[in-house]
1. Which far-off residues, 5 or more places away or on another chain, put their amide H under 5 Å from the one on ILE13, with H placed in the peptide plane?
2. List the aspartates and glutamates whose alpha-carbon lies under 18 Å from that of LYS224, not counting same-chain residues fewer than 8 positions away?
3. Taking the Cα centre as origin and putting +1 on Lys and Arg beta-carbons and -1 on Asp and Glu beta-carbons, what dipole magnitude results for the range 94-178, to the nearest 20 debye?
4. Quick one: 3J(HN,Hα) in Hz for the range 94-108, Karplus 6.51/-1.76/1.60 with θ = phi - 60°, rounded, Gly and Pro as x.
5. Pick from ILE70, ILE136, ILE94: which is most flexible by mean-square fluctuation in a GNM of the chain where alpha carbon atoms under 10 Å apart are linked?
6. Provide ILE9, ILE37, ILE187, ILE148 in ascending order of the number of other Cβ atoms located within 10 Å of each residue's Cβ, fewest first.
7. Amide H to amide H under 5 Å from TYR57: which residues, 5+ apart in sequence or cross-chain, H placed 1.01 Å off N in plane?
8. Going down the list LYS82/LYS118; LYS147/LYS168; LYS26/LYS163, which pairs span over 28 Å between their C-alpha atoms?
Amino acid sequence: MPDLKNFDIIIAIDGPSSSGKSTLAKDLAKKLSYRYIDSGAMYRAVTLYLLRQEVSYQETNNWDFLENEIHLDFQLDQDVNKILLNQEDVSELIRSAEVNEHVSLVAALSPVRSFLVKSQQAMGQNGGLVMDGRDIGTVVFPEAQLKIFLQASFEIRAERRFKEQLAKGMNQTMEDVKQNLQLRDFIDSNREDSPLFKATDALVLKNDDIDLEEQLNICYKWAKEKMQSLKS
Ligand code: DC
């Protein structure tokens, strides 16, 4: 674990797809002047790379190219957190239907996971960050000072995802969205390597009936309390 200066803690936020992790993590990081890392975006960027290179990822045995050919970075640009794949801004491309379709399968591959977990741990070396994903509190930062497990009902998550897709002009029915979400939930929770589950010491927040501001305030309070307890 990093030697924390100024009580810059690590905050791990995990939960299923469309539970609102990214919005919460981004807002919380901003309020605390912390760095925000969207680990899902990293799995998406690797997926994009594999699709572009036409790597048949289910059959590949040699994964050395991950370390050698893929460099990921985040850049905050006017409040927008951009992800760079080998210096190229791929923030929009990683949200395509094609990436959506493949990303859970790619994220289930152990070589991909160990490559990304290593770089996520390096990003957290000095603390002072909020990272969201599926295995942040269990595998990436099992000693994170604050772990939050975000939950929302399936219907609410599907509605959120549907609205998001609609806003992006993507042509998907509610039925398509539900099927995709169901499949992703299944793969994320049942894969052998680092499946999604709540760390025993995570605080659970179910956000069906609370708005974004309230959710942010609750988590901000938890973070401040944690920092305070470390000082005393
Ligand atoms: O949060 P998201 O929908 O952008 O994540 C994309 C996929 O990556 C999703 O299938 C879950 C997976 N993922 C993961 O396995 N581990 C993480 N830490 C983050 C995302």
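Every number in this text was worked out from the coordinates using simple rules, so none of it is lab data. Remember, it's a predicted structure, so these values are computed and weren't measured experimentally. Neighbour counts run over all protein chains shown; Cβ positions are idealised from the backbone, glycine included.
1. MET131, ASP132, GLY133, ILE148
2. Answer for LYS224, where 18 Å is the Cα cut-off: ASP8, ASP27, GLU143, ASP201, GLU213, GLU214, listed by chain and number.
3. Roughly 140 debye for the range 94-178.
4. Karplus values, whole Hz, x for Gly and Pro: 6, 9, 5, 4, 5, 5, 3, 5, 9, 4, 5, 5, 5, 5, 8.
5. Residue with maximal mean-square fluctuation among ILE70, ILE136, ILE94: ILE70.
6. Neighbour counts put them in this order, fewest first: ILE187, ILE9, ILE37, ILE148.
7. none
8. The answer is LYS147/LYS168.
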